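The values are calculated or read from the model by the stated rules, or taken from the named source; none is laboratory data. Remember, predicted model here, so these are calculated numbers, not experimental data. Every residue, glycine as well, gets a Cβ built from its backbone with ideal geometry; the counts of neighbours run over all protein chains shown.
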């Protein structure tokens, strides 16, 4: 946020209310992987580091649709007419949290920190899951440094390149090889958070995951891996006041903005995050007021919490509130296109994947597991992102076991030995293997997959592992299939088309899809401004996804958060991860409710 000057708009507030610190407690259903912007790419870790590290831009918390605004920058970037240069000017007087690496000195955020942080993604030792974004954009000179390092040279942070350089103490410039009209969205993303070189040089790559040091509103004070994380206000955080503005046709946003306007941020003193993988105990912790918020209600309890999309009367009587909306995400099952059984581009392999897709009952997933909190996906592109077309329909959402059987029969996937399971055309066994997780929701989804495949005589086995382990194996191309979700970090459908771009293998492209026709379309649309030409390319890309089926796109979620009446100012935001500083805990109201 761009800070207001110390003026009459700042509203004096009691530090603690009701005599104690303000504490926000809630749970994640998936464990974190770490806290380094260059090394993590999962949603849950991103939601944490966004509150520790500052990118130069951010999103207005209450504005709908999404609106990019300055954060550590004084204004939005200066963008060249050909969309190849982005110049960012920073606000002076922003400091990193205290740390031994700074040897007792206050360490100011400067332009060189963003230059250094961008370069870290190119350093192969970090295995950045976001390097594909920068390499696709083509920061001039950086790919050469990375290539030299991959050949054995030491990564040279001090080598000046045109692609990312500091022009003075508070100004840096990004220069790209090709036009990128939406590159400024990256400057608002978590992974562009500023990391201090002194800290990076103090730790190795594994230690950096456990020692986040940023300029953001919170700092990590306690971490019990995969169990509990505690964050406290950064005492050196800058003067920052709530000034977000809702659109005129958004009464909820206007109500929140009016109540919070001018308040000094952050408000809550401490954040406690717990890892509770099973839905029942996570929900009970909320009901017992041990937790203040449930960001994603458990699907198997949706009919009890929000029957017919409305908050249950018993919860409403307790003052519980909800915020429900489409999420910019897609649920999917990926096929490893390099796997000898399900991969490949020949007609028989395409037929196998299409048959699996047609045999899978999306309706059962949405009805029985998601409890109606999802809509069928026709392509990966989701609501709230540019390129989503609600009128586009495709085979992706079809459930047609008869067609699936016909495809399998016509390409020789038949039962030759009479055991009830189909074999490969050459007679070898055909057993699908899908990675899954050891939690209740995953087991429910496994059962739908088992019944769907059994109905067309396909044998499927499930390989359970913790989510971070599956993520690691998927990036390395070691899984045959995996059921996973993809969440957009920006209001643009490029993030979904990136799932199929060949050079993104092992990063966004976990399916390892590499089709020249698709790659060409993706590269072309990336350079175009929004408009009819880009829409045409999006349509072509969607059709290729459907035709080759590297992913079975299943649904776009409708997410619902519920929170107790003492949680003030909370609202779901599809693209802003740094939510904590905008929320207040009314300790007086909390004390009265729990008395």
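Rundown of residues vs (1) touching a strand residue (DSSP E or B) at 6+ places or on another chain (Cβ under 6 Å); (2) at pLDDT 90 or above, yes/no style:
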{"residue": "5", "(1), (2)": "no, no"}
{"residue": "8", "(1), (2)": "no, no"}
{"residue": "15", "(1), (2)": "no, no"}
{"residue": "26", "(1), (2)": "yes, yes"}
{"residue": "35", "(1), (2)": "no, yes"}
{"residue": "38", "(1), (2)": "no, yes"}
{"residue": "45", "(1), (2)": "no, yes"}
{"residue": "50", "(1), (2)": "no, yes"}
{"residue": "56", "(1), (2)": "yes, yes"}
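Of the candidates 415, 494, the single residue that is surrounded by 15 or more Cβ atoms within 10 Å (Cβ to Cβ) and either farther than 23 Å from residue 355 by Cβ or without any contact (Cβ under 8 Å) to a residue 60 or more places away in the chain (or both) is 494. All conditions in (1) within 16 Å of residue 60 (Cα to Cα); (2) surrounded by 15 or more Cβ atoms within 10 Å (Cβ to Cβ) hold for residue 229, with the sole exception of (1). Considering (1) outside any strand (DSSP E or B); (2) in contact with a helix residue (DSSP H, G or I) (Cβ under 8 Å, 6 or more places away or on another chain); (3) at pLDDT 95 or above, the lone condition that residue 577 does not fulfil carries the number (3). Total residues in segment 310-320 satisfying the condition of being without any contact (Cβ under 8 Å) to a residue 40 or more places away in the chain and either within 26 Å of residue 365 (Cβ to Cβ) or buried (at least 18 other Cβ atoms within 10 Å of the Cβ) (or both): the figure is 2. For segment 361-383, filtering for residues that are touching a strand residue (DSSP E or B) at 6+ places or on another chain (Cβ under 7 Å), surrounded by 20 or more Cβ atoms within 10 Å (Cβ to Cβ) and under 19 Å from residue 541 (Cβ atoms) leaves 4. In the set (1) part of a loop (DSSP other than H, G, I, E, B); (2) surrounded by 21 or more Cβ atoms within 10 Å (Cβ to Cβ), the condition left unmet by residue 358 is number (1). In segment 418-428, the residue that is surrounded by the most Cβ atoms within 10 Å (Cβ to Cβ) out of those that are under 21 Å from residue 462 (Cα atoms) and touching a residue at least 12 places away in the same chain (Cβ under 8 Å) is 422.
Which residue out of 117, 128 is under 27 Å from residue 472 (Cα atoms), within 18 Å of the chain's Cα centre (by Cα) and in contact (Cβ under 8 Å) with a residue 24 or more places away in the chain? After applying the criteria, what remains is 128.
Please enumerate the residues belonging to segment 313-328 that are under 17 Å from residue 64 (Cβ atoms) and not in a loop (DSSP other than H, G, I, E, B).
Hits for segment 313-328 are 322, 323, 324, 325, 326.
When you scan segment 443-464, how many residues do you find that are crowded, with 16+ Cβ neighbours inside 10 Å, closer than 27 Å to residue 44 by Cβ, in contact (Cβ under 8 Å) with a residue 24 or more places away in the chain and in contact with a strand residue (DSSP E or B) (Cβ under 7 Å, 6 or more places away or on another chain)? Of the residues in segment 443-464, 3 are crowded, with 16+ Cβ neighbours inside 10 Å, closer than 27 Å to residue 44 by Cβ, in contact (Cβ under 8 Å) with a residue 24 or more places away in the chain and in contact with a strand residue (DSSP E or B) (Cβ under 7 Å, 6 or more places away or on another chain).
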